[in-house]
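Student: Dropping the structure in here first, questions after.
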Amino acid sequence: VQLQASGGGLVQAGGSLSLSCAASGRISSSDVMGWYRQAPGLERELLARIDSGGSTNYVDSVKGRFTISRDNAENTVYLQMNNLKPEDTAVYYCNLLDVRNWVNYWGQGTLVTVSS
């Protein structure tokens, strides 16, 4: 499985960015897809996940600001980020969890920088 993320960049506080991540390879419709981020000096944290049925969950810090969605036909997961804050600055990683084999796959990471 390969994951290719895109969409990071520089934005001012209060602005919006959209990330996308296309998966290829041996993918199952049961796989869970998600977004994580890692800020300098901090551990990687889960932001949001979505299963094949569209059920989602979010970490409290992004609820109401970030929206995860998924196109199963295109094997692509998206993250719409609104009202961005400087503390959202991090490298963002997409993730695919193969729930049949309990294996995690990661994209290459895309940098999001929010200026104050």
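The values are calculated or read from the model by the stated rules, or taken from the named source; none is laboratory data. Treat the numbers as computed from the prediction; the structure is a model and nothing was measured. We place every Cβ from the backbone using ideal geometry, glycine too, and count neighbours over all the protein chains shown. Note: areas computed on protein heavy atoms with side chains; ligands, DNA, RNA excluded. Shrake-Rupley method; radii C 1.70, N 1.55, O 1.52, S 1.80 Å.
Student: So which of GLY53, GLY34 ends up being more than 18 Å from ASN82 (Cβ to Cβ) and free of Cβ contacts under 8 Å to residues at least 40 places away in the same chain?
Tutor: Criteria check complete, one pass: GLY53.
Student: Give the number of residues within region 79-116 that are among the basic types (Lys, Arg) and at pLDDT 95 or above.
Tutor: Going through region 79-116 one residue at a time, the tally reaches 1.
Yes or no, residue by residue, for (1) open to solvent by 20 Å² or more (accessible area, probe 1.4 Å); (2) farther than 20 Å from ALA13 by Cβ; (3) among the basic types (Lys, Arg); (4) outside any strand (DSSP E or B):
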{"site": "TYR36", "(1), (2), (3), (4)": "yes, yes, no, no"}
{"site": "GLY54", "(1), (2), (3), (4)": "yes, yes, no, yes"}
{"site": "GLY64", "(1), (2), (3), (4)": "yes, no, no, yes"}
{"site": "SER69", "(1), (2), (3), (4)": "yes, yes, no, no"}
{"site": "ALA73", "(1), (2), (3), (4)": "yes, yes, no, yes"}
{"site": "TYR78", "(1), (2), (3), (4)": "yes, yes, no, no"}
{"site": "LEU96", "(1), (2), (3), (4)": "no, yes, no, no"}
{"site": "THR113", "(1), (2), (3), (4)": "yes, no, no, no"}
